[in-house]
1. Residues that are open to solvent by 40 Å² or more (accessible area, probe 1.4 Å), of a type in the set (Gly, Ala, Ser) and assigned to a helix (DSSP H, G or I): does region 45-52 have at least one?
2. With (1) assigned to a strand (DSSP E or B); (2) more than 13 Å from the chain's Cα centre (by Cα); (3) over 28 Å from Phe108 (Cβ atoms) as the list, and Arg81 as the residue in question, which single condition is left unmet?
3. Could you pull out the residue among Asp42, Asp28 that is of a type outside the set (Phe, Trp, Tyr) and touching a Lys or Arg at 6+ places or on another chain (Cβ under 6 Å)?
4. Here's a check for you: in region 26-44, which residue that is touching a strand residue (DSSP E or B) at 6+ places or on another chain (Cβ under 8 Å) and either open to solvent by 30 Å² or more (accessible area, probe 1.4 Å) or outside any strand (DSSP E or B) (or both) is nearest to Gly143 (Cα to Cα)?
Amino acid sequence: MTQRVELATVMDRLAIEELITDYAVSVDDGDWTAYRGLFSPDGRADYRAAGGIEGGAAEIAEWLARTMELFPMRQHLIVNRRLRFGRHDNDTGDTAGVQADYINPMRFAGGGEGDASGAPDFVCGGRYAFALVRTYSGWRLRGVTVHEKWRRTGGAAGAGAA
């Protein structure tokens, strides 16, 4: 690899890292316009493994907007990111896949008002599979698939896996 190719790869990695972080922040902040803007025109998301729906970015954003009203406090953490570049139209590096683990503590609306600890009422974790494509506007999400592995509700006394 030449230094120019290595620099381009580093720049792509940084752009993809920023895109994944922007995904988490848009969901946590409820910025559904920003969420939709992270996807390619044909982008889709699949939240069925976590009890949600599958569909295009606009449809998912509408569903998330309604669903996340239940959780005014949420903190989406995406870690252990594994990035692999792929091929698109015989051009190396125009697609990528990211596998990343997540943990997502949330507080129900009106929940825990007597709880001075501020602890979340609901915590879930699992793994994302992100499919990305390079566009004229930069890297965009072509697909997001959630694989929820566990969840806990109601604190330690009510802990249970789903």
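The values are calculated or read from the model by the stated rules, or taken from the named source; none is laboratory data. Not measured: the values here are computed from a predicted model. Methodologically, a virtual Cβ is constructed for each residue, glycine included, from the backbone with ideal geometry; neighbour enumeration extends over all protein chains shown. Calculation scope for accessible area: heavy atoms of the full protein, side chains included, ligands and nucleic acids excluded. Shrake-Rupley method; radii C 1.70, N 1.55, O 1.52, S 1.80 Å.
1. Looking only at region 45-52, we keep the residues that are open to solvent by 40 Å² or more (accessible area, probe 1.4 Å), and these are 48-49, 51.
Next cut, of a type in the set (Gly, Ala, Ser) only: 49, 51.
Adding the requirement that they be assigned to a helix (DSSP H, G or I) leaves 49.
Scanning region 45-52 turns up at least one residue that is open to solvent by 40 Å² or more (accessible area, probe 1.4 Å), of a type in the set (Gly, Ala, Ser) and assigned to a helix (DSSP H, G or I).
2. (2)
3. Numbers: Asp42 fails: touching a Lys or Arg at 6+ places or on another chain (Cβ under 6 Å).
The unique qualifying residue is Asp28.
4. Going residue by residue through region 26-44, those that are touching a strand residue (DSSP E or B) at 6+ places or on another chain (Cβ under 8 Å) are 27-28, 38-40, 42-44.
Filter once more, so that each one left must be either open to solvent by 30 Å² or more (accessible area, probe 1.4 Å) or outside any strand (DSSP E or B) (or both): 27-28, 38, 42, 44.
On the way: Val27: 16, Asp28: 19, Leu38: 10, Asp42: 9, Arg44: 5 Å.
Among those residues, the one meeting the criterion is Arg44.
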